[in-house]
Amino acid sequence: MQEERLYEYAVLRVVPRVEREEFVNVGVVLYCRQLRLLKAEILLSEEKLRMLYEHTDIEQVRKYLDAFAAICAGDPSGGPIAALDIASRFRWLTATRSTILQTSKVHPGLCKDPENALARLFAQQVSG
């Protein structure tokens, strides 16, 4: 029988006007130390974002999301942070910041399959 594994996750948000603290959930990043797994699922809804602030620079947001994904994947296009070990990348990606791209607090969970947990969390928090 497959054992349950501890994972940590955070919800990725776009905050078009930081001073208003309104946001749109656009992704989930999940880390499982036991499996050395760090993955993100991202989906940008331009319509939802424009409802919060019609002057949002969508192309700039896409660049930020692409950089987030590259760092998460350890892709060299993500710069020096992408070269860090998986745990350090997760901690850097989920560090508290006051910018247009933010993450929720980190939450723990147990699951047998972190990939399925990521899909479930993404459906609950972003696409659902």
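May I ask you to list the residues in the range 101-128 that are modelled with pLDDT of 95 or more and within 26 Å of R20 (Cβ to Cβ)?
L101, Q102, T103, S104, K105, V106, H107, L121, F122, Q124, Q125, V126
State all residues of the range 52-80 that are among the aliphatic types (A, V, I, L, M) and more than 19 Å from V106 (Cα to Cα); if no residue qualifies, say none.
So in the range 52-80, the residues among the aliphatic types (A, V, I, L, M) come out as 52, 58, 61, 65, 67, 69-71, 73.
Residues satisfying the conditions are L52, I58, V61, A67, A70.
Which residue pairs have Cβ atoms under 9 Å apart, sit 6 or more places apart or on different chains, and have a first residue in the range 58-85 that is aromatic (F, W, Y) and a second that is crowded, with 17+ Cβ neighbours inside 10 Å and in a helix (DSSP H, G or I)?
F68/G78; F68/L93
Are any residues in the range 94-128 assigned to a helix (DSSP H, G or I), surrounded by 15 or more Cβ atoms within 10 Å (Cβ to Cβ) and among the aliphatic types (A, V, I, L, M), and if so, which ones?
Of everything in the range 94-128, those that are assigned to a helix (DSSP H, G or I), surrounded by 15 or more Cβ atoms within 10 Å (Cβ to Cβ) and among the aliphatic types (A, V, I, L, M) turn out to be A117, L118, A119, L121, V126.
Considering each of A82, A123, A117 in turn, give the residue that is in contact with a strand residue (DSSP E or B) (Cβ under 9 Å, 6 or more places away or on another chain) and of a type in the set (G, A, S).
On the way: A82 fails: in contact with a strand residue (DSSP E or B) (Cβ under 9 Å, 6 or more places away or on another chain); A123 fails: in contact with a strand residue (DSSP E or B) (Cβ under 9 Å, 6 or more places away or on another chain).
It is A117.
The values are calculated or read from the model by the stated rules, or taken from the named source; none is laboratory data. Just so it is clear, the structure is predicted and the values come from calculations on it, not from any experiment. Neighbour counts run over all protein chains shown; Cβ positions are idealised from the backbone, glycine included.
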